[in-house]
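Structure first, then comments.
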Ligand SMILES: Cc1ncc(C[n+]2csc(CCOP(=O)(O)OP(=O)(O)O)c2C)c(N)n1
Ligand SMILES: [Mg+2]
C-alpha cells in the first residue's frame with residue numbers, strides 16, 4: 001500500500017512560486033526574487049480563494065483583473081500564470097526569464113503573454129491604471145447589469161505608494177467609491193536603498209483612510225489572516241487597501257528581510273539554504289504534480305464560472321449590445337463624420353480647433369455609444385464634453401463623462417485602464433503643456449499599444465496672456481519623440497474632424513490632438529479623402545514651385561498668407577499642411593517626395609525646431625520658437641517672436657534668391 005500523501009497546503013502552493021522565482025532569477029543572473037518570495041503567500045490565498053479567471057480564455061470580459069503594480073516582482077506573475085496553466089507560459093518561458101524573445105520580459109509586458117493585464121515597472125503606474133480598470137468595470141456594470149460583475153486586485157509595493165501618482169489614483173478611487181478595487185500593499189518596509197525609514201514616515205493606512213478607503217491589514221505569511229482581510233475588503237463598499245505585513249525574500253534564511261534580496265540573485269548557497277528551510281526538495285524548475293493539481297483547481301473553478309457566465313450572456317437581452325461595446329467598432333462614425341464635414345465646408349466656420357474638436361465630439365458621442373471621456377478640470381477650456389454625456393458620479397456610473405479633477409497623471413493612467421478593460425474607447429483632456437504631467441502614462445499607452453486619445457488644447461504661444469508657464473514650446477517635439485504615438489496638430493475644423501476619425505479608428509496606437517485656443521479659418525475646400533491621415537499633403541499647389549511652405553495647425557494660416565505675399569511678387573509658393581509627422585513618415589517614399597518637392601522649404605510652427613529634420617533639409621529655413629514664450633495677447637506674441645507671414649515670406653525670398 002502506498003503511504004498516504006500529505007494534502008497540499010497553501011504554504012506548499014506558495015513555495016512553488018518561491019522556488020520558481022529563485023530559480024529563474026538565478027538562471028537569468030538578473031531579476032528581483034525578494035518581492036515574489038515575500039508576497040507568495042498573499043498571492044496564493046488571493047488566487048486560490050478569491051480571483052476568478054479562466055486561462056482557457058484570457059479575454060473573458062467578466063474575469064477578475066489582477067495587476068502586479070510592483071512590476072519588478074515579475075517572476076510572481078510568471079510563476080502564477082505558469083501554475084494556473086496559461087498555454088503560453090510553459091516552464092521553458094520561466095527558464096528563459098529576461099532573455100531575448102521570451103515572453104517573460106524583465107517587467108510584465110501587456111500583450112507579451114496572456115494574463116498580463118497591464119504593463120508595469122514604472123512604480124505607481126499599476127495602481128493608477130487599476131483605478132481605470134475598476135472604473136470601467138463599474139461603468140460597464142451600469143450599462144450591462146448581470147453581465148459585468150468583477151473585481152480588480154492589485155499588488156503594490158512601498159515604491160508604488162511613495163510615487164506621487166498613487167495620491168491622484170487613491171483620491172480619485174476614494175471619491176468615486178470604487179469598491180471593487182482591492183490593493184494589497186506589500187508592506188515589507190524595504191526598498192532598494194534599505195529600510196523605508198530612510199525616506200518616509202507616512203502612515204499609509206491613515207492616508208488611504210483619508211481618501212475614503214477601507215483599510216485593513218494582515219500577516220502576509222498567515223493564509224487565514226490574509227483571507228480574513230480580503231473577505232473584509234470585499235464586504236466593504238469602499239475601495240480597500242490591505243497592509244500585508246510581509247518579509248521580503250521570505251524563506252531565504254540568511255537574506256530575508258533585507259534589501260539584499262530586492263534585486264539580485266540569491267546565489268547558489270542561499271538557494272540551497274532556502275530549499276532546506278522551506279522543505280522544497282525538487283530540482284530547479286520542477287513542481288510536484290500534487291502542487292500542480294492544487295493550482296489547476298483554481299483554474300477549474302474559473303472555468304466553471306466562465307461557463308455559467310456564457311450561459312447568462314446567451315440568455316441576456318443585452319447580448320448584442322454587450323458584444324458591440326466589446327468590439328467597439330468605429331464603423332458608424334464614418335457616415336456621421338462625412339455629413340459633419342460636408343456641413344463644415346458649407347458653413348466655413350472660423351473656430352479654434354479646440355472648438356472644432358467639440359463639434360466633432362458631438363458627432364462621435366452620437367455615433368459611438370461606447371466612447372467615454374473626461375478632462376482634468378478643464379472641461380470648459382478643453383471643450384471635451386458632448387452635450388449628451390452625463391457625468392460619472394459616485395454610485396452612478398451610467399454616465400459617459402469623467403471629471404478627473406486636477407489629476408493629469410492619474411487621468412492618463414486611468415485612461416489606460418479603461419481602454420485595457422475593454423468595452424470602451426476613451427479620451428481625456430488637459431492643456432498641452434501639461435502633457436508633461438501625463439507623460440509616464442502616455443509612454444506606457446504607446447508601449448502597450450492602447451488606442452486612447454489625448455485632447456490637449458492651448459497648444460502654443462497662441463494661447464496668449466497666460467504666459468510661458470502655459471505655452472508649450474518643446475512639448476510637441478518631446479511628444480513626437482515617443483514611439484507609437486500619433487501626434488496630430490490640425491489646422492482647421494475639417495482636419496480636426498479627420499483627426500478624430502484617425503483617433504477612433506486606431507487599434508494599437510494612442511493619438512494626441514494638439515488643438516488651438518485661438519480661432520482659425522477653414523482652409524480646406526474638400527473633405528472627400530481623409531488627407532490628415534496622410535500626415536502631410538499639398539494644401540495649395542502652384543504650377544512650378546519656387547518654394548514650399550510647410551506648416552502645422554495654427555501656422556497654416558500664416559503659410560497661406562505668406563504664399564499670397566510671395567505670389568504678388570512672382571514667387572510661386574506651394575503650401576503643405578503637415579498635421580502629423582508620424583503618419584507622414586509612414587507614407588510611401590514617392591508620396592512623401594511628391595508632397596515635399598525639390599524646391600527650397602520653409603517650415604513654420606510656433607514651437608522649437610527639433611524634429612523638423614523629418615521634412616527640412618540642410619539649408620532650408622524654419623520659422624518658430626527658440627526659447628520660452630511670454631505673457632501678452634497672442635497677436636503681439638506672434639509678432640514679437642517673428643512667427644509672421646512677413647517673416648515666412650522673407651525666409652522664402654532669401655532661399656529662392658528672388
Ligand atoms: C518610477 C520608478 N522609479 C524607480 C524605479 C526603480 N525601482 C524599482 S523597484 C524600486 C524599489 C521599490 O521598492 P518596493 O516597492 O518597496 O519594492 P520591494 O523592494 O519591497 O520589492 C525602485 C526604486 C522604478 N521601477 N520606477
Ligand atoms: Mg518594499
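None of the figures in this text is laboratory data; all of them are computed from the coordinates on show. These numbers come from a predicted model, not from an experiment. All Cβ positions, glycine included, derive from the backbone under ideal geometry; neighbour counts span all protein chains shown.
What to note about this one:
- Pair residue 112, residue 209: separation of 7 Å Cα→Cβ label points (nm): 3.9
- The value obtained for segment 534-656, namely the Cα convex hull volume divided by the number of residues, is 98 Å³ per residue.
- Compared with the dominant Cα axis of the chain, that is its longest principal axis, helix 333-347 is turned about 30°.
- Value of relative contact order over segment 534-656, rounded to a whole percent, pairs C-alpha under 8 Å and six or more apart: 30
- Derived from the Cα gyration tensor, the three semi-axes of the equivalent ellipsoid of the chain are 52, 26, 22 Å, largest first.
- Zero-based 5 Å bins, Cα pair distances in segment 1-145, whole percents: 2, 10, 18, 22, 21, 13, 7, 4, 2, 1, 0, 0
- Helix 223-235 and the long axis of the chain differ in direction by around 50°, with both axes built from C-alpha atoms.
- In terms of the mean number of neighbouring beta-carbon atoms within 10 Å, the peptides 310-318, 137-145 order highest first as 137-145, 310-318.
- Mean Cβ neighbour count within 10 Å, used as a protection proxy, ranking 178-187, 279-288, 361-370 highest first: 178-187, 361-370, 279-288
- FRET E, pair residue 323, residue 646, Förster distance 56 Å, beta-carbon r, rounded to 0.05: 0.45
- Only Cα pairs under 8 Å and 6+ residues apart enter the sum, and on that basis the relative contact order of the chain stands at 12 percent.
- Within the chain, percent of DSSP bridges classed antiparallel, to nearest 5: 15
- Against the chain, whose longest principal axis comes from its Cα atoms, helix 493-505 is set at around 20 degrees.
- Sequence of 39, 359 once ranked by neighbouring C-beta atoms within 10 Å, starting from the fewest: 359, 39
- Inter-label distance, nm, simple model (7 Å from Cα along the C-beta direction), residue 543/residue 307: 7.9
- Centre-to-centre, using Cα atoms only, segment 195-272 and segment 349-415 are separated by 37 Å.
- At R0 = 51 Å, FRET efficiency that the Cβ-Cβ distance of residue 610 and residue 276 yields, to 0.05: 0.30
- Cβ-to-Cβ counts within 10 Å put 192, 155, 643, 482 in ascending order as 192, 482, 643, 155, the fewest first.
- For the peptides 235-246, 614-625, the ranking by mean Cβ contacts within 10 Å, running from highest to lowest, is 235-246, 614-625.
- Residue 585 paired with residue 314, simple spin-label distance in nm, labels 7 Å along Cα-to-beta-carbon: 4.9
- For segment 333-514, the relative contact order comes to 23 percent (Cα pairs under 8 Å, sequence separation of at least 6).
- Taking 0.36 nm per residue of sequence separation and removing the Cα-Cα distance, the residue 264/residue 529 pair yields an extension gain of 89.8 nm.
- Share of pairwise Cα-Cα distances greater than 13 Å in segment 163-236 is 70 percent (whole percent).
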